[in-house]
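Asks: Pasting in a structure now, in structure tokens, and then I'll have a few things to ask.
Nothing in this text is a laboratory measurement; each read-out follows from the coordinates by a stated rule. Note that the structure is predicted; figures quoted are calculated from it, not measured. Glycine also receives a Cβ, built like all others from the backbone with ideal geometry; neighbour counts cover every protein chain displayed.
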Amino acid sequence: DVTTEYPLKVEGLRKSFGGITAVDGASFEVERGTLTGLIGPNGAGKSTTFNLITGMLKPDSGTVTFNGENVTGLEPHRIANRGMVRTFQIARELGEMTVLENMMLAPKAQRGEKLWRSVTPGVRDDVIEQEEELLERVWKVLDFFDIDHIAEEYAENLSGGQRKLLEMARALLTDPDMLLLDEPFAGVNPTLERRLLDHIHELRERGYTFLLVEHDMDLIMENCEHVIVLHQGRVLTEGDPEAVKANEDVIEAYLGG
Ligand code: ADP
Ligand code: MG
């Protein structure tokens with residue numbers, strides 16, 4: 001069935017800010033188990049589309065369907081509950097917390113309801129059980145990203161790349177089906193970029209679905225099996241990297257702005 005093959009479906013998404021139409025009827029689907037790239041020149045509407053999908057912004061019109069369910073305009077933690085998560089930059093105030101503390105906080109912010117609902121008298125055992133489960137999962141994820149040795153380090157002392165690893169690690173804690181990453185390599189040195197990409201590829205092989213938002217066309221072309229090109233708020237073309245790279249409209253969009 002189509003919903004299991006294509007977990008994410010975006011239809012006719014529109015969003016204006018005052019007189020500027022940032023997203024102008026974007027429609028596309030993301031196939032399960034793929035690393036799909038959403039590219040486009042600066043101002044194409046990539047970040048706005050990303051924010052509309054993940055619930056950070058509400059669209060003026062259009063729909064976002066995830067695993068067959070209409071999630072348009074739902075709050076980010078509700079969308080995360082359904083298995084679609086995005087990475088969050090580590091806020092400045094969390095810099096004074098350790099990597100481990102940041103990890104333990106993450107599900108509260110993303111999972112929201114589930115944990116809050118259980119913080120009531122009479123279900124204390126559940127809470128404790130959940131905390132233990134969480135801690136076990138935290139260490140597994142830290143180990144996967146090879147940052148378990150810096151668990152006690154303050155977040156503000158991490159390098160740019162380690163911070164990105166932590167951001168991805170936090171997103172994984174909710175055990176999602178799909179991860180959305182908006183320019184995850186910005187400010188990351190080539191060695192760490194390679195490491196992040198290796199992690200992404202490994203997770204994809206395990207069955208996770210990725211939508212990667214990037215302006216760096218080469219990076220997307222080398223790593224994604226499917227590429228969607230956004231231009232002036234709508235899909236200009238999509239296909240495999242070779243086809244997209246050869247498309248003259250794409251070349252023009254990037255050169256002409
Ligand atoms: P991209 O991520 O592809 O560079 P954006 O989605 O950030 O593009 O922006 C698309 C267009 O919408 C740009 O012209 C940008 O200036 C405008 N825009 C984005 N967010 C806002 C906002 N909050 N208020 C006003 N204009 C915005
Ligand atoms: Mg952007």
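Asks: Distance from a point 7 Å along Cα→Cβ of E69 to each backbone N in the range 200-229: keep the residues under 20 Å and list them by number.
Replies: In the range 200-229, the label zone of E69 (backbone N under 20 Å from the point 7 Å along Cα→Cβ) covers 208-211.
Asks: Number of Lys pairs in the chain with C-alpha atoms less than 22 angstrom apart, excluding same-chain neighbours closer than eight positions?
Replies: Lysine pairs meeting both conditions in the chain amount to 11.
Asks: For the chain, what is the calculated [θ] at 222 nm in deg cm²/dmol (nearest 500), taking -39500 (n - 2.57) for each run of four or more DSSP H residues and dividing by its residue count? Could the numbers behind the result be given before it?
Replies: Values: 11 runs with 109 residues, N = 257.
Per the formula, -12500 deg cm²/dmol.
Asks: So, one more: Calculate the radius of gyration of the Cα atoms of the chain to one decimal place, then report Dmax, the largest Cα-Cα distance, as a whole number, both in Å.
Replies: Looking at the chain, its Cα Rg and Dmax stand at 18.7, 64 Å.
Asks: Run the simple label-point estimate for R206 and M56 please: 7 Å along Cα→C-beta, distance reported in nm.
Replies: 2.4
Asks: Please give the charge dipole size of the chain, origin at the Cα centre, charges +1 on K and R Cβ atoms and -1 on D and E Cβ atoms. Round to the nearest 20 debye.
Replies: I would put it at about 820 debye.
Asks: Between beta-carbons, use under 11 Å as the cut-off and find the net charge around L158, counting Lys and Arg +1, Asp and Glu -1. List each step's numbers first, then the result.
Replies: Numbers: positive: R163, K164; negative: E153, E156, E167.
It works out to a net charge of -1.
Asks: If I model a spin label as a point 7 Å beyond the Cα along the Cα-Cβ vector, how far apart are those points for Y154 and Q89 in nm?
Replies: The answer from the label model is 2.0 nm.
Asks: Around L211, under 14 Å between beta carbons, what's the net of Lys plus Arg minus Asp minus Glu among the other residues?
Replies: Spelling it out: positives minus negatives among the neighbours equals -3.
Asks: Okay, moving on. For the range 172-257, state which GluC sites (Glu not before Pro) are in a DSSP loop and have at most 15 other beta carbons lying within 10 Å of their beta carbon.
Replies: Details: sites: E193, E202, E205, E214, E222, E225, E238, E242, E248, E252; in loops: E225.
Of the GluC sites (Glu not before Pro), the ones in loops of the range 172-257 whose Cβ has at most 15 other Cβ atoms within 10 Å are E225.
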